[in-house]
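Got a structure here, written out as structure tokens. Questions coming.
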Amino acid sequence: MSMDKRNYDTEKRSRADKAAVIRAVVAGYLVYLGFTIATNKNTDMSPALSRVLGGAFIVIALGFGFYIWKRWRSDVEGALLPEEDKAEAEKASEE
């Protein structure tokens, strides 16, 4: 059973992971804000308007989450080493 071991540029992969985490924190905060707005009872805003506005924040956060996933996948693919670099990396690990 052979596994396809992919080699990545560690700096690019690390940058992609860090950017995805930061974006995910922002998306999580947008969900939190949306939930807080939708369930806020101490406001002059009508309950229907606050639910619509909170729901809009949550939908935007979900869309942003999809963007985060697509961008992360693209960045990780960009971090893949070309075949000739992969052969050099394997040779260096054997030594």
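Please work out if Glu77 is surrounded by fewer than 14 Cβ atoms within 10 Å (Cβ to Cβ), on the phi < 0 side of the Ramachandran plot and either modelled with pLDDT of 90 or more or under 11 Å from the mean Cα position of the chain (by Cα) (or both).
Details: surrounded by fewer than 14 Cβ atoms within 10 Å (Cβ to Cβ): yes; on the phi < 0 side of the Ramachandran plot: yes; either modelled with pLDDT of 90 or more or under 11 Å from the mean Cα position of the chain (by Cα) (or both): yes.
Here the answer is yes, as Glu77 does meet what is asked.
Can you name the residue in the range 71-83 that is in contact (Cβ under 8 Å) with a residue 12 or more places away in the chain and part of a loop (DSSP other than H, G, I, E, B) and, of all such residues, is farthest from Val25 (Cα to Cα)?
Leu81
What are the pairs, 6+ residues apart or on separate chains, where a residue within the range 46-59 that is of a type in the set (Lys, Arg) has its Cβ under 8 Å from a residue that is assigned to a helix (DSSP H, G or I)?
Pairs found: Arg51/Ala38.
Next question, about the same structure. From (1) modelled with pLDDT under 95; (2) out of contact with any Lys or Arg (no Cβ under 8 Å at 6 or more places or on another chain), pick out the condition that doesn't hold for Ala38.
The number of the failed condition is (2).
To keep it simple, each residue is scored yes or no on (1) modelled with pLDDT of 95 or more; (2) assigned to a helix (DSSP H, G or I); (3) more than 21 Å from the chain's Cα centre (by Cα); (4) among the aliphatic types (A, V, I, L, M).
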| residue | (1), (2), (3), (4) |
| --- | --- |
| Asp44 | no, no, yes, no |
| Ala56 | yes, yes, no, yes |
| Ile60 | yes, yes, no, yes |
| Trp69 | yes, yes, no, no |
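The values are calculated or read from the model by the stated rules, or taken from the named source; none is laboratory data. Everything numeric in this text was worked out from a predicted model, so none of it was measured. Every residue, glycine among them, receives a Cβ derived from its backbone with ideal geometry; neighbour counts consider all protein chains shown.
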